[in-house]
Structure formats: C-alpha cells, structure tokens
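The block underneath contains the structure these notes are about, expressed in structure tokens.
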C-alpha cells in the first residue's frame, strides 16, 4: 500500500486545492472519481469506509457561493404539458376561443394548427399569493405559496427529441453532459455508497441515455437509471444490483476476499499499481451498494400514512407516487440529484388531440404524488434545502391542432420551482395574452440552467470542464441567472 | 476582384465593410472579399489615411469601452469587436453598422443611447464622450474602413494568440535521422532508439523484456482482441528461438480476426452506429456493410491513402470491376452515418447541421482538426476561418447525402447489387412479366378465375419472393454549388458566397483546384493524401500508437491544433509518419515496427526511480498496464467458456432499415445474445448494450480516438452479478470438472492458462484450491463455479500487463 503514497499525496493536494479536474487528470488512466475517493479512504485507514472519503472530498470543494439548496429533484413531465391549461392562466384566450390568432405563428412549427382554442378547464386563485391554477392540479394548488413559477421559459426545439436533449443537456446538436452530470461533477455526492445522480424510470426515447449521460465528463457523473419508462416503478432498480444466479452475499464476500488475497500477493511482488488497487476498491464499493440501494428502494419501510399520502394505494397514482417517494428516500440518503420522469411507454403529455381526456388522466396520475412530495419534504424539514423543479420539454400552443388538441410550443411555457432558496408564491416572466410567446423577463433554457446551477451554489460560467482542448459549460456561451426568483 | 487588380499590395488591401441588415442577399463576390466590398473610387492614399484613422481613433475606443464584453473573453450578444474581421461579422442582432444609413448603425444607436433596449456601454459605465461618438460616426460615414489583410491584428490583447503556419503539426514531415546514440542489446528497431534517447535525457531506463507468457497474452489481445489458446501458449513457451516472437506476430497480423479487432478501432473514429440515435432512433439497417468493408480493408492492409479516399469519394473513383465499385460505394457510408436530428422541422437548418457534422467528423478523424468551430466564428485558437469552413461546406453542400429533409428525413442509399444479384432479379422480373402476359391473354380469351388460379398463385409467390437488391447508406454527387457565409452560423443570416476550397493554412504548394462539374470530394481526398500534407500521416500513425500503448505520442488523438497536446516524441512521430508513406501507406508495416520494438516487448513492472521522474510514463519506461476494452471483455467472457463464434457477421438488428429501434415506447428489443464477436453486435445510439455502456465503449456519436478507461462500481456490479459472467463461469467450471485432469492442481493450472495466459504461483494455486475445498465435498461443483466467477472478476482477467 505504501507504493501508492505519491498518488495519495497527489490526490490529497488536489482535493485541498479543490481542483477536481486536476485530480482526475493526475489519476493517470482516468479512473472514476468514486474509485479514487474509495482508494483515498482505503489508504487513510483500514476501518474508514468510502463515506468518509467522500465527505472529505466534498468538503474540499464547496459550492461557488453560499446557497440554500443542497440537492434537487426534477419532476419531468414527458411530452409537453400545456402551460395554458395548468399554471399560466389566459383569460383572453378563453374570450377569443375559436378566433384567429391575431399575430404570426412561429416560422417553424411542428404540426399544422388552426384557430385559438380556449382551455377546457376553469382556473381559480389559491393561497396567500392568489396564484391561478387550473382544475387539473387541485392538490398542487394547495402549495402555490411554496411555488415559484417561471412563465417565460422558451428556447427548446419544436420536436420531442431536440427538446429533451436541449432541456437535459443544453444542446440539441451534440452529445453533451446532462444537467445532473454537471451537478454531480460540481458538487459530488454526500453518500459514497450511492450514486450522485439517479434517474427514476427515464424514457429511452428522444435522446435516451444522453439525457442523463456524462458525455465527456468522467463516467462516474452519469446518471444511474432505475428502470425505464416502459416498466412499472416497482420493478425499477439499478442494473446488476442482484446476482443473476442467486449467489448469496456470504459467498460473494468469500469471492471478494479471495480476490483481495490474490491482489495482496501481487502487491508484495511489485506487480500492483494504483489502477489495480482502485479496481479492488471499486469491487468493495459495489458490494456495499448492493446493500444500500435495496434499502433505499424498500418502500415497506415507510408508514401506512406515507403510503396513503403519496397515493400508493390508488392504482391511478401508485406508479408515480412510488417514484416520488423513492426520490425523497434517495435525497434523504444524500443523493445529489434525482430525476423523476412521468412517462408511460408513449409520449405521455403529448396531446395533439383529445387534450381534455389525455391531460386529465396525466394530471390525475401526478397531482396527488407531487403535492405529497412537497408536503413530505416540508414536514421533514428537507424542502428548504431541496430544490424541486417541475416542467416538460415544452408547452403547448394556444391554437388548436385538429379540433381538440394542441401542438408543441417551445416559444413560451411554464416551469415551477419549489424549496431550495426560491421565492414562494412568486410569478416570474410572462407569455403574451394567449400564452404563445414568452414576452416579459424571458428565460431561455440556458438561463434556466444557469439559474438552477446558481440555486445550488454553482456559477455556470465557472463550472467548466476541459475537453478536446476547450473549456465546456452546461450553458455553452449563454445563460443569464434569473436572480429575481431567489428568496 | 483581387487586390492586384487595384494596383495595391495585397497586405495593404483595404476594403469597405458593407454590412446592411443581416440576411440581405448579396451578389456572389470573390471569395477573398466576401461580405466585404472593395472600393474602387478611393485612392490608396485616402485608404491609408482612413486606416490610420481607424487605428488611432476607433480601435482605442473599442478596446477601452467594448472589448471587455465583446472580445476574446466574453461575446455578449454574440458580438466581438476585437478585430476587423470580427467587427465585420456583426453579432446576433446583425451587422454593427450600415454604410448606406450610418445613423441607423446599431453601434451608433447603442452608444448614442437612443433606444432603451440597446444602451452601450451598459450602466454603470459612463456614456462615451461626444468626441468618441463623433469619431465613430465619422468612421462609419467614411465607409468604416479597416485593415482586412493578414496583418490586421486584434484590437485588444488576446489571451491566447492564434497560431499560424508555424504550429508544429503544420510543418512538413521530413524523415528525421535516427538518434545518434550507441545501440544496445535491448534495442530491437529504430523506435527504441528514439524512445531511449528521450529516456536517457531524463535519466530513466526501460524495463527488461516481459515474461514470455505475458507478452503472448499482450500481443494476442492487442492484435486480434482475443486471449491466446492454451496450446498457443504452450507451443510459444516451448519455442525458445528469437524467431518465435516474429512467428506469433506474423500469424496474428495475417489472422482474419486482426481486422475484427483493428476495424473496431476505426469504427470508433468514424462514429459507426447501427441507429441514428439523437431524436428519431431509426435503424441504419445497411451500415453493417460499411463495418464489414472496414474489417476487410484492414485485413487486406489497404493503403491508408486509398482507404481515406474511398470513404470520402469512393463513388467518384473508377473501378476495375463490380466488387471494387461496391466497396467504393460502401465506403462512403462514412459520410452518411452521423447522428442527425431527423425530425428537425427547420429543413434548412437540418441540412446545414448535417454538413457541419460531416465537416467536423472529417476534420477530426483524418486531420485532427476541429473545423466545426469555424461554423459560427473564426476558430478562436486554430488558423481556420469561417471562410475556410464555408469553403469546405460547399463541397458537402454539393454532395447528395439526403434524399429528403422532410421529417422524418431520409438519408440516401446507394445500390450495390452484384451482377449475379441483378441477373437473378431480372430473371424474376421477366418471369413476372411473362406470367402477367399469360394471365391477360387468358382473361381476354374469357378464362375463369379458377382456370387462371395456378398461374395467379405462381405470380403471387414470385412477386413475394423477388429479391430486394442490396443498398448501403452513402453519398453521391449533388448539384455543384457554393455556400454563402452564414453569419454566426445562422442559416437565416446569409452573407456573400464562399467558393469551395480547402483551408488556407493547409494550402499546399501544389494545391488542387476544384472544377465546376464536381463537388470537390475527390480533390479533397487528393489534397489530404498528398504526401506533403502535414497532418494525415501524423494523425493516423499516432492513432496506431495510441491503440497499441493506450496513449498517443500526441495524447489528444483527435486534436492536433493549438489546444491539442504537444507530441511527447516529435521525431518518432515524424519518423513513423514517413515510414507509413514510404511503405505505400501500409498500416500493418507501421504496426509491425511498433510491436517488434523492445519498447513494446518490455515488462510492465513498476520502477520507483522512474516513477519519481516520469509518473505518467510518457517516456514509456514500462509497458502500461491496460484494462481490456468493452469488446475484448465480452469476447473473452465467451472465449473463456469456449463459446465464441469466430464467423463473419452481417446484421443482428431485429428491425429493417429506417425502422424505429424504439420510439417513445422505451422498449428496446435489440438482442445481444449472439456468440459472434462483439464487433457484430448492434451499436444502438442512445441505448448502447449494457456491457458496452459500462466499459467505456465509444458513444458512437462523435469521433473517438481515445476511449476512456474508467474503473467504477457499476462495472464491478456487472462482473459480480450479470448473467453473462455467471453463464461463462458455469460453463468454464463444467469443462474444468469434466476434463480428465490428474489433479485439482492441474485444473487450477489450466484455469490460469486459459484466463490469465500463465501458470499460477504456488500461493495462487493454494488460495484457489482452498476456496474450492471450503464448500465441502457435496458442494464441490458449485464451489468450482464460484471460483470461476471470482476468477473472471479478477484484475488478472480484466487487465493486460
């Protein structure tokens, strides 16, 4: 083990300099940060697990500036929920139902659209803030005073694929690291036995893994998927977390001990280097993750009241409810960023027709669980330090597609944030009187990314990674933080 | 309208910038002055005076008040004002000034602070002085004259000055003389002299030759991606002659499995994929033909210049016979299989994005140049201008890649039927025609359906079974045209047309000129494979070195520009590049030199003294310990169980060409249970095979000459828990037990040879045997399986030393 002292010192120096990039570079072959940190723990003391190493590693790289949010949950509504039927009330649209749109439609549209289509749902004011919410979200409406609405989001692509990539990675033209990967790169994880970024039931379509990938960032920062959108959430788990042929934990322990013994024999002959050492450490880490992950996923640990709260007893809400509860359990255990995707094996919120039927079903599935998550986080004192993000890849047009549908609308749509240092009951930015274009305090997706990073204490211009000779950022050369949403 | 026509020296060529509103169509003008118009009315004295005015008055204003936000560091509004070229480009809002209507110039509106949405400099900076504003107005009224020649320096001080022709990788390749050092018994060939010279300068020493069995395992994985068999190990160890090494190398280089291994490396470089990925994940149902073309090309050691030319312009090459023509067409899939946003609603944007992807891939793959950067602005670090970029873009705009841009867009497929296939199809067509005629005749004669039944049935059967002629994605010539410069890469903001041409800085003395009848791809390939091209040979020998040693002589294999790494052994790099060209561009020749070197043959043991001086092993004082690549791990898992199938594959996709692998369903039915070698498994962008994904496979979307080699816990989960590993372990354990070994010690010995390519030490054997014994007699079978599982998860399995 003494052979590794130069490497150890090098790492320690890097950590003290809070220079993650150097550390990764100096680790030679570029083995993952997780393994590197595990090695660190390994070297510092036999009894110390990787958790301590991670804590140390994290302590050495604080956020760029003070902030409230320590972690985030992104509730992603796949398909594009209609902002004008949910959180962006447009009385003028109701009045002008059936009339021509009095201004130009965008140069590029996804589908052919016709005249203005009023919302089939009524809106009412809620909370101290008197925020408008439609009938679709009666439970979320109870929390409006905790929500910070951004009504002027814009700038995704008009097609699902481009829009998902742009929302998740900032680029619809190249494979780039995802938001979650940037966050784990910037902040690390607080629990060394779990990944820093977990995505629950993500869709494989429309960018697929690229939406949680690390691209050129080290692989350790990529999202760990639990299942995918085609499977029920109670089947979703980490790949290969269980032995395919039912080898017991005891036997696996014996196997690892054998490998360790063989490894140590080699070390005595000078045939072991830091790479081989860290591989052994990574095996131990995997072994611990096998215990930790099923524990995190075990919802039977939760009370009957909690099951009821998240709607786990109702088939309508159970699937998404489980995802939300799982998100809370992961966040609680120190996972930095959890994405929860609401998507079945179709394009869930994509109501090109039958808006009423489709959106009603979709909203029913998520409304109660989302409200439960907000309430639960608040009760546990976690909401203050957890940023909750809700949006789709775009909104929908105020003009009708066919008779009763709406087309994709990336020109203006709504996201809301909750907890983690945002102003509650606050509305930022606006679309025009019909909700077609963002007009006031426009927030481009790059600005949205810059704002999310800032809420988590990261300066989007400083969070860079050098690749192929260039310093890359999530926001590329763009991005303005919407400081007005900060509490 | 060249400078010489105006009677003034080129370097003092002065131009009027004439940028009105962005998007205004302009007449095509000479490439050297597109977006700018020269003034013939002015005398050179007047122009010189105006330049002096710009230098003395305008440049300082811009430098003092503007460049901090509109310069090298920041480009607010997509605008830079730190060089005449940048000023001429304008920003996101369009041109900086309007000569025809100076007061409407955005820069004047901004500094006069007439429009609340455009106040410059922004608060709290003070407004410009009236004198400064007056100077700016005067300058624009006078035609906004700026020096546009090559001497026009930046307005501000840039942090990183742009490199020029003096950059190392743009220098001609001259074969260096061999190092003038005494040879030693250690040396095997010239490579070792270069390596040793650099080591001696630092005072480090190489390792002795590796243990023979480790070397055999190393070279076998290296050249064919598989472990040596037990009998290969035994016979190599028994052959104590020096020639034994060469015999192994000869055997491996001649093996058809060589192309499988080395073709896969090339597939990384060309972002090979069996699906489009990106937005609409539909099948590249014919890409496999290109994959097999690559395997064949490497196996036959096709000269690299030819290999390159076929991939860029195979459709334009003459062919002696049909099979050559088919190979040529197949090669052009290189240009066709990039990831595309096939549902991009803006069709013009889609087309330019596809062209951009082609240029980007071509530049990185063959030249180590990041041309893509120049799409929106002059390359910030390398001497590649937007003019260079759009000169190249014209070549690809003149190439037909897509049959349709309407969502879901369709790429082009070239027909590649053999004569035999054509004949067969024609015969069937004739038969169909004949049957139809007979049926018609019978109908005319009043025959009933029942009477025609047998003929109709035969017709149906033939029509159903008529062979579809094979196609392969690829390109052909399109309508030859130049492309207008896209201001800031925006396809809606077009400026003057740029003539098709190749990047200026790499303009070779005997530059090829493009004719009006062809896209220019053939000339592009000729330019790239010209022996005086400084990049092509260097880039590819460096790739070979990277794949043999895990790190390139130039570590940034895909970037030889200013931001790339400098070569660790520049002379060795050039020597190898010269060797490549002298050998007639034989890749195998260069590889043979590399693997026969003592540098390659040395041991991988650590050396504290050398580690101190060169911790990264840049001087190659030991052979680097390397983790196997994803494909090698997968093939080895099958080989360990004796289950690998070395046959040649075609397509393992479960869907047809252009069909969805999966749409929004997220249900990917692709199967990876074939026992063919990993190169034949489907490469699905957005959803790679788990094992590939876990072990740093290329993402198949961009040029990847330098894959990562990470060690992360999810890999360990795979090795501990996956069905593939367990199945291999089970089969291996069964074979160990079924074979009639005299003792369990012999079994352990065999296990070691099979997995680790060497005999076990006594301690290893003891540890393993006691692991088996611990389960008691009744569980022995199971214990052997557990042992094999552990053995497959061991470092010795996963790493090559």
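Where a number appears in this text, it was derived from the coordinates with a stated rule and is not lab data. Source: prediction; values computed, not measured. Here the Cβ positions follow ideal geometry from the backbone for every residue, glycine too, while neighbour counts run over all protein chains shown.
When only alpha carbons of chain B are considered, Rg and Dmax amount to 32.0, 104 Å.
Report the full-extension gain for the segment residue B:652 to residue B:492: residue separation times 0.36 nm, less the Cα-Cα distance, to one decimal in nm. The partial results should precede the final answer.
Values: separation 160, 0.36 × 160 = 57.60 nm, distance 4.18 nm.
Extra length from residue B:652 to residue B:492 when fully extended: 53.4 nm.
Per-residue ellipticity at 222 nm, computed for the protein assembly as shown from helices alone with -39500 (n - 2.57) per DSSP H run of at least four residues, works out to -12500 deg cm²/dmol.
If you average the sequence gap of Cα pairs under 8 Å that are 6 or more apart and divide by the length of chain B, what percent do you get for the contact order? Intermediate values should be presented prior to the final figure.
Details: 1324 pairs, mean separation 134.9, N = 801.
Relative contact order, chain B: 17 percent.
Quick one: work out the % antiparallel among DSSP beta bridges in chain A, nearest 5. Intermediate results must be reported in sequence, preceding the final value.
Working: 24 of 49 bridges.
Roughly 50 percent of the DSSP beta bridges within chain A come out antiparallel.
Protection proxy ranking, highest mean first, for peptides B:537-545, B:404-412: B:537-545, B:404-412, where packing is the per-residue count of other beta-carbon atoms within 10 Å, averaged. Between residue A:440 and residue B:479, the C-beta separation translates, for a Förster distance of 41 Å, into a calculated FRET efficiency of about 0.35. Apply the a/c threshold of 1.5 to the C-alpha gyration tensor of region A:71-187 and tell me whether it is rounded, prolate or oblate. It is oblate, given that a/c is not under 1.5 and a/b is not larger than b/c.
Axis angle, to the nearest 10 degrees, between helix B:449-465 and the longest C-alpha principal axis of chain B: 80 degrees.
Within 10 Å of each Cβ of B:338-349, how many other protein chain Cβ atoms are there on average?
Details: counts 0, 4, 0, 7, 2, 8, 8, 11, 5, 1, 1, 2.
Mean partner shielding for this stretch: 4.
Modelled label positions at residue B:449 and residue B:238, each set 7 Å beyond Cα in the direction of Cβ, lie 7.6 nm from each other. The angle between the Cα long axis of helix B:570-582 and the main principal axis of chain B comes to about 80°, on a 0 to 90 degree scale.
Only alpha carbons enter this Debye calculation for chain A, each as an equal point scatterer, and the log10 of I(q)/I(0) it gives at q = 0.08, 0.10, 0.11 Å⁻¹ is -0.49, -0.75, -0.89. Helix A:355-379 versus the longest principal axis of chain A: what angle, 0 to 90°, nearest 10, using Cα atoms? On a 0 to 90 degree scale, this one is about 50.
Do you know the relative contact order of chain A, to the nearest whole percent, from alpha carbon pairs under 8 angstrom that are 6+ apart? Don't skip to the end; give the middle numbers.
On the way: 1035 pairs, mean separation 130.2, N = 487.
It rounds to 27 percent for chain A.
Annotation for region B:523-558 versus region B:362-432: alpha-carbon center distance of 22 Å.
Its residues counted as N, the protein assembly as shown yields a C-alpha radius of gyration over 2.2 N^0.38 Å of 0.98. Here the calculated FRET efficiency for residue B:183 and residue B:229, from their Cβ-Cβ distance with R0 = 41 Å, stands at 0.70, rounded to the nearest 0.05.
Between residue B:93 and residue B:197, residue separation times 0.36 nm minus the direct Cα-Cα distance comes to 31.8 nm.
Shape class of region B:720-800 from the alpha-carbon gyration tensor: rounded, with the ratio a/c of largest to smallest axis under 1.5. The Cα trace of region B:426-473 gives Rg and Dmax of 13.4, 48 Å, the first to one decimal, the second as a whole number.
Note on region A:343-365 and region B:751-776: Cα centroid distance 59 Å, given to the nearest whole angstrom.
The mean number of Cβ atoms from other chains found within 10 Å of a Cβ in peptide B:761-772 is 3, as a whole number.
Here, region A:352-470 is characterised by an Rg to Rh ratio of 1.04, where Rg is the alpha-carbon radius of gyration and Rh the Kirkwood radius.
When each of the peptides B:123-135, B:463-475 is scored by how many other beta carbons lie within 10 Å of its residues on average, the order from highest to lowest is B:463-475, B:123-135. In region A:205-313, the ratio of gyration radius to Kirkwood radius, Rg to Rh, stands at 1.08 when only Cα atoms are counted. The packing ranking, built from the mean of other Cβ atoms within 10 Å per residue, places the peptides A:393-406, B:435-448, B:670-683 in the order A:393-406, B:670-683, B:435-448, highest first. Cα centroid separation, region B:206-270 to region A:443-476: 46 Å.
When you look at the Cβ of every residue in A:168-178, what mean number of other chain Cβ atoms sits within 10 Å? Walk me through the intermediate numbers first.
Details: counts 0, 0, 0, 0, 5, 9, 9, 10, 0, 0, 0.
Per residue, the number of nearby Cβ atoms from other chains is 3 on average.
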